[in-house]
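Reviewing the structure listed below.
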Amino acid sequence: MFTIEKLPTKPSELEQTIQAVATIEDIVQPQDAWTYQTLIELLEQDSINMLVVYAQQHEEKAFNNKMIGYCLYQVVFEQAEILRIGTHPDYQRQGVASQLFTVLNKQLQACKVETLLLEVRADNDPAIALYEQHGFTVIHRRSGYYQQPRQPAIDALIMQKLYSSRL
């Protein structure tokens, strides 16, 4: 079982949580990991929020448990964008991201968000399948967006989930 919470506000817990996110970033985004400092600077913006996932062990307070996943997102008026989402490899394929989407969707709908965007590498088939399962569709392709030395460029897919439409 997992517990999903908003980012803690107590300074010591906040620092520890953001460091855990940076550690997972290093593992799941090795070519483009966001550092602790980058995350701190992003979270200073009022429009950026984070949900964190803890592995539930016994009946302890969630923060005492291991942080295993996160979703960093931005809300600007009626539009939201997932900036980063990640799950520690030891917990992947166990429903962590699906539970994150459930909580995130409820929060965004309560804020009257109409669309949720995200960007994904075109070669990340498991992530694309997950996003499609949660109602996202491809709305744009950025040709050759991801580039690494001595490797072929990879397209980026922009995906969107609609919550409501203006009529």
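The values are calculated or read from the model by the stated rules, or taken from the named source; none is laboratory data. Everything quoted here is computed from the prediction, not taken from an experiment. Cβ: placed from backbone, ideal geometry, glycine included. Neighbour counts: every protein chain shown. Surface accessibility is based on the protein's heavy atoms, side chains included, excluding ligands, DNA and RNA. Shrake-Rupley method; radii C 1.70, N 1.55, O 1.52, S 1.80 Å.
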Cα gyration tensor category, rounded, prolate or oblate, for region 1-101 with a/c compared to 1.5: rounded
Taking the Cα centre of the chain as the origin and placing charges on Cβ (Lys, Arg +1; Asp, Glu -1), which of Thr3, Ala22, Ile158 is farthest toward the positive end of the dipole? Ile158
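Tell me the mean residue ellipticity at 222 nm calculated for the chain from its helices only (DSSP H runs of n ≥ 4, each -39500 (n - 2.57), averaged over every residue, nearest 500).
Working: 4 runs with 50 residues, N = 167.
Only helices count here, giving -9500 deg cm²/dmol.
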DSSP H segments from the chain that extend 20 Å or more along their own axis, Cα-based, with Kyte-Doolittle mean of -1.0 or above: 11-28, 96-110
With +1 assigned to the C-beta of every Lys and Arg and -1 to the C-beta of every Asp and Glu, and no other charges, what is the dipole magnitude of the chain about the Cα centre in debye, to the nearest 20? 360
Using a 1.4 Å probe over the heavy atoms of the protein chains, calculate the carbon and sulfur portion of the accessible area of the chain as a whole percent. 48
Of Thr102, Gln74, Phe136, whose Cα points farthest to the positive end of the dipole of the chain (charges on the beta-carbon: +1 Lys, Arg; -1 Asp, Glu; origin at the Cα centre)? Phe136
What are the extents of the Cα atoms of region 38-167 along their three principal axes, in Å, largest first? 48, 46, 31
With a cut-off of 8 Å between alpha carbons and a minimum separation of six or more residues, what is the relative contact order of region 4-136 in percent? 20
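Do any GluC sites (Glu not before Pro) in region 11-49 lie in a loop, going by DSSP, with at most 13 other beta-carbon atoms within 10 Å of their beta carbon, and if so which?
Glu44
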Describe numerically, in nm with one decimal, the distance between label points set 7 Å from Cα along Cα→Cβ at Gln79 and at Glu44. 2.5
To the nearest Å, what is the center-to-center distance of region 15-56 and region 94-150, using C-alpha atoms only? 17
Sorted on mean Cβ neighbours within 10 Å (highest first), peptides 103-111, 27-35, 147-155, 84-92 come out as 84-92, 103-111, 27-35, 147-155
Total charge of the residues flanking Ile82 in space, meaning their Cβ is under 10 Å from its Cβ, with Lys and Arg +1 and Asp and Glu -1, is 0
Percent of Cα-Cα pairs per 5 Å bin, from 0 to the last occupied bin, for region 1-51, please list those. 4, 19, 27, 28, 16, 6, 1
Residue-normalised accessible area of the chain, given per residue in Å² at a 1.4 Å probe: 59
